[in-house]
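A.B. asks: First the structure, then my questions, so here it is.
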């Protein structure tokens with residue numbers, strides 16, 4: 001065997017040992033320009049297995065996720081747009097970071113430390129996903145991009161005191177990372193200078209057959225390890241009850257194809273939401289470590305993922321209000337059931353509900369929501 005005997009050879013060996021066999025790379029670009037002239041950056045993370053994720057600074061949004069199927073054919077499995085103007089005109093939360101308070105607040109009102117606050121009402125009588133100009137509708141700053149065994153991009157937004165009616169100046173970091181193991185992680189970290197409420201999540205719409213596929217997402221198999229879920233009123237505000245899933249169309253403790261029960265209007269909850277748009281109770285508090293929230297499999301393509309997070313609640317939405325008025329990256333019309341959304345978070349309307357996780361964030365505390373999509377290929381067709 002030939003050996004390195006020179007100083008240069010020894011240095012080369014050290015460099016080889018220090019360099020990983022595979023690395024995930026990042027590529028920066030400009031996705032568009034805001035009406036006021038500010039550029040909107042994008043970062044694409046790509047691993048050696050052919051998986052990639054593109055993040056845009058508008059809304060700190062996940063704009064594309066490309067994953068090979070069981071035959072190695074790549075497809076974008078995320079609904080969204082090819083250009084910035086469509087996000088500005090009709091964002092529909094596609095891939096966006098939603099907050100300060102993801103999901104709904106009844107009547108847009110909550111009390112914090114004895115003071116009543118009113119935030120914008122933008123979903124019937126209720127507030128949804130932070131208000132009329134939530135985190136998904138603002139331009140974030142790209143503050144860090146890293147390559148390596150796990151590549152990442154971190155974006156930051158500073159929400160000033162009184163923004164959308166919320167108290168306190170909140171600084172939020174959103175970090176997207178992709179590893180060679182096909183794990184895509186989204187981490188939200190927030191701090192505040194005065195007491196406020198926080199519930200930040202990601203609103204990606206998934207179709208594992210591909211966003212341009214003729215297959216919708218209703219053929220996906222879903223598992224959710226929850227014993228109870230939160231029934232709602234007609235306005236999608238939780239009643240406060242913890243309803244057992246056993247014997248109902250909400251029981252996903254064993255795998256079920258979504259389409260088998262998503263239109264079962266004999267259940268009043270399905271009739272209210274036109275399908276699934278409910279919070280499953282995975283736990284009662286935010287945890288330090290992640291736990292499995294859901295498993296999704298697409299028998300048609302073989303693609304799947306496990307979703308892990310440290311959050312107690314999972315909002316599962318079956319794309320009930322995709323109405324055919326939107327067309328996406330593949331120039332195909334998005335219809336009801338063409339995608340699903342799974343948002344790890346605390347519970348809807350938590351600031352107004354006894355027995356729900358605490359949404360309060362105080363100075364000196366750090367809010368953290370971390371979620372990981374563990375992608376796989378090769379799921380069976382049966």
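The values are calculated or read from the model by the stated rules, or taken from the named source; none is laboratory data. Keep in mind that this is a model prediction, so the values were computed, not measured. Positions of Cβ are generated from backbone atoms using ideal geometry, with glycine treated the same way; all protein chains shown enter the neighbour counts.
A.B. asks: In region 253-274, what residues are part of a loop (DSSP other than H, G, I, E, B) and either under 13 Å from residue 230 (Cα atoms) or in contact (Cβ under 8 Å) with a residue 40 or more places away in the chain (or both)?
C.D. replies: Those that are part of a loop (DSSP other than H, G, I, E, B) and either under 13 Å from residue 230 (Cα atoms) or in contact (Cβ under 8 Å) with a residue 40 or more places away in the chain (or both): 255, 262, 274.
A.B. asks: Also, I was wondering about something else. Go through (1) touching a residue at least 40 places away in the same chain (Cβ under 8 Å); (2) farther than 19 Å from residue 188 by Cα; (3) assigned to a strand (DSSP E or B) one by one and return the number of the condition residue 97 breaks.
C.D. replies: (2)
A.B. asks: Right, next: Would you pick out the residues in region 168-178 that are crowded, with 20+ Cβ neighbours inside 10 Å and either touching a helix residue (DSSP H, G or I) at 6+ places or on another chain (Cβ under 9 Å) or closer than 15 Å to residue 65 by Cβ (or both)?
C.D. replies: Correct list: 170, 172, 174, 176, 177, 178.
A.B. asks: Return the total of residues in region 111-127 being touching a strand residue (DSSP E or B) at 6+ places or on another chain (Cβ under 9 Å), closer than 21 Å to residue 278 by Cα and assigned to a loop (DSSP other than H, G, I, E, B).
C.D. replies: Number satisfying all stated conditions: 2.
A.B. asks: For region 75-85, check the following and say yes or no: at least one residue is in contact with a helix residue (DSSP H, G or I) (Cβ under 9 Å, 6 or more places away or on another chain) and either closer than 21 Å to residue 333 by Cβ or not in a strand (DSSP E or B) (or both).
C.D. replies: yes
A.B. asks: Report those strands (runs of 3 or more DSSP E) wholly inside region 298-382 carrying at least 3 residues which are surrounded by fewer than 23 Cβ atoms within 10 Å (Cβ to Cβ).
C.D. replies: Filter on region 298-382 gives 304-309, 367-376.
A.B. asks: Kindly indicate which of 352, 320 is under 23 Å from residue 87 (Cα atoms) and touching a helix residue (DSSP H, G or I) at 6+ places or on another chain (Cβ under 9 Å).
C.D. replies: 320
A.B. asks: Could you check residue 91 against (1) assigned to a loop (DSSP other than H, G, I, E, B); (2) in contact (Cβ under 8 Å) with a residue 24 or more places away in the chain; (3) closer than 26 Å to residue 191 by Cα and say which number it fails?
C.D. replies: It fails just one condition, (3).
A.B. asks: Residues to consider are 80, 108; find the one that is in contact with a strand residue (DSSP E or B) (Cβ under 7 Å, 6 or more places away or on another chain), within 24 Å of residue 141 (Cα to Cα) and at pLDDT 95 or above.
C.D. replies: 80
A.B. asks: Then there's this: Where in region 169-249 are there strands (runs of 3 or more DSSP E), lying fully within it, with 2 or more residues that are more than 30 Å from residue 43 (Cβ to Cβ) and touching a strand residue (DSSP E or B) at 6+ places or on another chain (Cβ under 8 Å)?
C.D. replies: Strands (runs of 3 or more DSSP E) meeting the threshold: 221-223, 228-230.
A.B. asks: Is there a residue being outside any helix (DSSP H, G or I), closer than 28 Å to residue 272 by Cβ, in contact with a helix residue (DSSP H, G or I) (Cβ under 7 Å, 6 or more places away or on another chain) and in contact (Cβ under 8 Å) with a residue 40 or more places away in the chain anywhere in region 128-145?
C.D. replies: Yes, region 128-145 has at least one match.
A.B. asks: Could you say whether any residue in region 256-264 is surrounded by fewer than 21 Cβ atoms within 10 Å (Cβ to Cβ) and either under 29 Å from residue 360 (Cβ atoms) or within 17 Å of the chain's Cα centre (by Cα) (or both)?
C.D. replies: The answer is no; no qualifying residue exists.
A.B. asks: Additional query: Name the residue that is surrounded by the fewest Cβ atoms within 10 Å (Cβ to Cβ), counting only residues in region 275-286 that are in contact with a strand residue (DSSP E or B) (Cβ under 9 Å, 6 or more places away or on another chain) and part of a loop (DSSP other than H, G, I, E, B).
C.D. replies: Looking at the filtered set, the residue picked out is 283.
A.B. asks: Could I ask something else about it? Restricting to region 288-297, name every residue that is touching a residue at least 24 places away in the same chain (Cβ under 8 Å) and either closer than 17 Å to residue 219 by Cβ or surrounded by fewer than 23 Cβ atoms within 10 Å (Cβ to Cβ) (or both).
C.D. replies: 290, 292, 294, 295, 296, 297, listed by residue number.
A.B. asks: Given the criteria buried (at least 19 other Cβ atoms within 10 Å of the Cβ) and either more than 27 Å from residue 305 (Cα to Cα) or in contact with a strand residue (DSSP E or B) (Cβ under 9 Å, 6 or more places away or on another chain) (or both), does residue 165 qualify?
C.D. replies: no
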